[in-house]
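So the structure is just underneath, and the comments pick up after that.
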Amino acid sequence: MSAFLQQIDRNLQSMTREEVDALYRKYLTTKVDEIEARLSRPLDEDQADGTSFYLNDEAHSISAALAFGHVEERIPEAIQMAPGAPEADQRRLARRLLEADLKATVAELNALEGPPWNFPQETLAVTAQPKDQTVTSPLLSEAVRGYCEEHVGLKKWSERTADQSQKIFELVVGLLGDRPIHEIGKADIRTLGAQSLSCPPT
């Protein structure tokens, strides 16, 4: 049972690609809003040249950071946006935030040359998402069944072990309730761990 609980706990902590992408788009959209506000202010020729020089230098600096994996500059933002994520996922998010910085910087640099302001496509995806988007995941009983079937199919368990494990997992489902996996949090796992200590041996 501990292996199954650890797997659930890892799934709760790790960030999916979709979650990282969503945070990346949110950050990029914020950057784009800031740029749009700046572009609406008048600039004289000297200010425009100075801004272009700064943005060009910034774009090269971000490119170098990405090339060498120097994501430390965006770690604080990544931690703030995903405080419960493992350090590896926070570093992955920090890299994506640097990518957003580069995309936004290049877009602003191009806009200063005169053509119409070109919104990065990812920011359009944020506004197109429905507001009442619901999260779905399999029920705990379905996850348990899949876990058991996988172990039996891979011959990791004998029939006896499979029967014993099935009974234990039925108890787990009974204690937690047959809820969608995404609704089960760390507090539930800790409570389950405490409850399991008082269960009679099987």
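The values are calculated or read from the model by the stated rules, or taken from the named source; none is laboratory data. Treat the numbers as computed from the prediction; the structure is a model and nothing was measured. FYI the Cβ positions are ideal-geometry reconstructions off the backbone, even for glycines, and counts take in every protein chain you see. These area figures cover heavy atoms from the full protein model, side chains too; ligands, DNA and RNA do not enter into them. Shrake-Rupley method; radii C 1.70, N 1.55, O 1.52, S 1.80 Å.
Side notes on the structure shown:
- Residues that are open to solvent by 80 Å² or more (accessible area, probe 1.4 Å) and among the basic types (Lys, Arg) within segment 17-39 comprise ARG17, LYS26, ARG38, listed in sequence order.
- Positions within segment 37-64 being among the acidic types (Asp, Glu) and either under 18 Å from LEU93 (Cα atoms) or in contact with a helix residue (DSSP H, G or I) (Cβ under 9 Å, 6 or more places away or on another chain) (or both), in sequence order: GLU58
- Checked against (1) modelled with pLDDT of 85 or more; (2) open to solvent by less than 70 Å² (accessible area, probe 1.4 Å); (3) under 28 Å from the mean Cα position of the chain (by Cα), VAL144 passes all but condition (1).
- One residue stands out among those in segment 70-112 that are touching a residue at least 60 places away in the same chain (Cβ under 8 Å) and within 20 Å of GLY50 (Cβ to Cβ): the one that is nearest to the chain's Cα centre (by Cα), which is ASP101.
- Selection count, segment 47-95, where residues are closer than 28 Å to ASN110 by Cβ and open to solvent by less than 50 Å² (accessible area, probe 1.4 Å): 16
- Taken over segment 113-124, the residue count meeting the criterion of being of a type in the set (S, T, N, Q) and either modelled with pLDDT of 90 or more or more than 20 Å from the chain's Cα centre (by Cα) (or both) is 1.
- ARG95 being at pLDDT below 90 and either over 30 Å from GLN166 (Cα atoms) or not in a helix (DSSP H, G or I) (or both): no
- First in segment 165-191 and in contact (Cβ under 8 Å) with a residue 60 or more places away in the chain and open to solvent by 30 Å² or more (accessible area, probe 1.4 Å), second anywhere and polar (S, T, N, Q) and not in a helix (DSSP H, G or I), Cβ under 7 Å, 6 or more apart: ILE168/THR202; ILE181/SER137
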